[in-house]
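The values are calculated or read from the model by the stated rules, or taken from the named source; none is laboratory data. None of the values given here were measured: they were computed from a predicted structure. Cβ coordinates were reconstructed from backbone atoms using ideal geometry, including for glycine residues, and neighbour counts include every protein chain displayed.
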């Protein structure tokens, strides 16, 4: 595929989680893959990708010089740092933004073009109308801190948050000016049509997460496996003149290198 630059997320080279310190200290609650990021980068490059995206916790494990060497040794570009937060609780929001700022600082040091965030907590007693307003305002602050560092900020709707399917996506993007990073599998799992949503929100999309989705049993898959065909999604990207980085990912896969190769096999034929 010559249309776009292709990256891969390093998140399935280990179990997904967060820093345990985050239970008692919000500023430490970063995303993390409990795996070898040196190996992940080598295998991502070997599969034919030229970019990589990392969770904030993994990225901050490295100092900038060491990670720059790792990228150079594998012929990779750091495309994005991925972070997230609750975003709806006023008292802890400054701590969450401080943590996201650390990730943005490291991304800036490494000349990454993108910062991606997910989140928008579901309360134990249900979603409040004001939660969307709070999330929208917080995302505007993420956009501002990213722009101060030369980064493009994106919001990534995600299962288990208050923004999952088409209705919530429309609602939040009426409340914030941040860009939209569609994750095709999460959108499909929430009942959306990823291709239609890309067409609908094309003006807000400058970075995309691609992965496959299987309904039963629930699983994310390499591209074009499972129940959501990828061809219509690629067609929507082309029809809307999408240009930029495309990041393929798998949240979990027994053989992550094989999963990366399987998706690249599809992309080479798309």
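The figures follow:
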item: Qualifying positions in segment 159-211 - surrounded by 20 or more Cβ atoms within 10 Å (Cβ to Cβ), assigned to a loop (DSSP other than H, G, I, E, B) and in contact with a strand residue (DSSP E or B) (Cβ under 8 Å, 6 or more places away or on another chain); result: 161, 163, 176, 178, 181, 182, 205, 207, 211
item: Residue match in segment 56-67 (condition: in contact with a strand residue (DSSP E or B) (Cβ under 6 Å, 6 or more places away or on another chain), touching a residue at least 24 places away in the same chain (Cβ under 8 Å) and in a strand (DSSP E or B)); result: no
item: Residues satisfying the stated conditions in segment 5-39, i.e. surrounded by 19 or more Cβ atoms within 10 Å (Cβ to Cβ), in contact (Cβ under 8 Å) with a residue 60 or more places away in the chain and either under 19 Å from the mean Cα position of the chain (by Cα) or within 15 Å of residue 250 (Cα to Cα) (or both); result: 6, 7, 8, 9, 11, 12, 13, 29, 30
item: Residue within segment 223-243 that is modelled with pLDDT of 95 or more, touching a strand residue (DSSP E or B) at 6+ places or on another chain (Cβ under 6 Å) and more than 20 Å from residue 159 (Cα to Cα) present; result: no
item: Segment 212-241, residues that are over 15 Å from residue 11 (Cβ atoms), part of a loop (DSSP other than H, G, I, E, B) and within 17 Å of the chain's Cα centre (by Cα); result: 223
item: Test result for residue 71, under 27 Å from residue 34 (Cβ atoms), touching a helix residue (DSSP H, G or I) at 6+ places or on another chain (Cβ under 8 Å), without any contact (Cβ under 8 Å) to a residue 40 or more places away in the chain and assigned to a helix (DSSP H, G or I); result: yes
item: Set 80, 104, 42: member being touching a strand residue (DSSP E or B) at 6+ places or on another chain (Cβ under 7 Å), in contact (Cβ under 8 Å) with a residue 12 or more places away in the chain and in a helix (DSSP H, G or I); result: 104
item: Verdict on residue 47 being surrounded by fewer than 18 Cβ atoms within 10 Å (Cβ to Cβ), within 19 Å of residue 258 (Cβ to Cβ) and in contact with a helix residue (DSSP H, G or I) (Cβ under 6 Å, 6 or more places away or on another chain); result: no
